[in-house]
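Before any comments, here is the structure.
The values are calculated or read from the model by the stated rules, or taken from the named source; none is laboratory data. The structure displayed is predicted, hence computed values, not measured ones. We place every Cβ from the backbone using ideal geometry, glycine too, and count neighbours over all the protein chains shown.
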Amino acid sequence: MNDATGRARSVGIQLAIATLAAIAFIFLASRRAENRVHERAEDQIRTVLSDQVAAWNRGDLDGFMAGYWNSDELVFCSGGTITKGWKPTLDRYRKRYQAEGKEMGRLTFADIHVEQLTNETALVRGRWLLAMNATNPNGLFTLKMVRFADGWRAVYDHTSASEPK
């Protein structure tokens, strides 16, 4: 191999290494940017849930329902029934927790896990607990949340209650 061929081969290898380094840099930079977007989304979702807890604990069901998509397409599954629509879901909560002789208790969420599926959708699961005078009902929930122009909202909620002990 002559000197010119060796230099050409060396330049080619250097060019290939530089190209791979640039591709790796771009990939890592885009992953970091994507992670920041997901972290912001998770923070926003957790804020929605925190706002719901605060509203519940002050007896504000309308405020609690602000975390849900205000649409006839909202789906709420619990207690063996499927409720479709924002207003029927609100009515269900009112009947169950604000009707005569009922209490709302003090709500807490725990073990919250947010899995962002796309930039616009996330799956959220966790535990709920209501501290009430006579009982402390609790269970699990799974939410499908969607990012709308006005923020993240639950479009689907499946809530289950643990068996009393």
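Here is a yes/no grid of residues against (1) in a loop (DSSP other than H, G, I, E, B); (2) at pLDDT 95 or above; (3) loosely packed, with under 12 Cβ neighbours inside 10 Å; (4) not hydrophobic (A, V, I, L, M, F, W, C):
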residue: Arg7; (1), (2), (3), (4): no, no, yes, yes
residue: Arg36; (1), (2), (3), (4): no, no, yes, yes
residue: Ala55; (1), (2), (3), (4): no, yes, no, no
residue: Gly59; (1), (2), (3), (4): yes, yes, no, yes
residue: Gly63; (1), (2), (3), (4): no, yes, no, yes
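Does Asp72 meet the test of being assigned to a helix (DSSP H, G or I) and over 17 Å from Leu49 (Cβ atoms)? Break it down into steps so the answer makes sense when it comes.
Numbers: assigned to a helix (DSSP H, G or I): no; over 17 Å from Leu49 (Cβ atoms): yes.
No, not satisfied.
Kindly evaluate Arg127 against the criterion of being among the basic types (Lys, Arg), in contact (Cβ under 8 Å) with a residue 40 or more places away in the chain and closer than 20 Å to Arg46 by Cβ. Full working, then the answer.
On the way: among the basic types (Lys, Arg): yes; in contact (Cβ under 8 Å) with a residue 40 or more places away in the chain: no; closer than 20 Å to Arg46 by Cβ: yes.
Taking the combined requirement at face value, the residue does not satisfy it.
Given (1) among the basic types (Lys, Arg); (2) at pLDDT 95 or above; (3) over 18 Å from Ala54 (Cα atoms), where does Arg153 come up short, assuming only one miss?
(3)
For residues in segment 106-148 being small (Gly, Ala, Ser) and in a strand (DSSP E or B), which is surrounded by the most Cβ atoms within 10 Å (Cβ to Cβ)?
First, the residues of segment 106-148 that are small (Gly, Ala, Ser): 110, 122, 126, 131, 134, 139.
This time we only want the ones that are in a strand (DSSP E or B), so: 110, 122, 126, 131, 139.
Numbers: Ala110: 9, Ala122: 22, Gly126: 15, Ala131: 13, Gly139: 14.
Out of the qualifying residues, it is Ala122.
Does segment 155-165 contain at least one residue that is surrounded by 14 or more Cβ atoms within 10 Å (Cβ to Cβ) and in contact with a helix residue (DSSP H, G or I) (Cβ under 9 Å, 6 or more places away or on another chain)?
Within segment 155-165, one or more residues are surrounded by 14 or more Cβ atoms within 10 Å (Cβ to Cβ) and in contact with a helix residue (DSSP H, G or I) (Cβ under 9 Å, 6 or more places away or on another chain).
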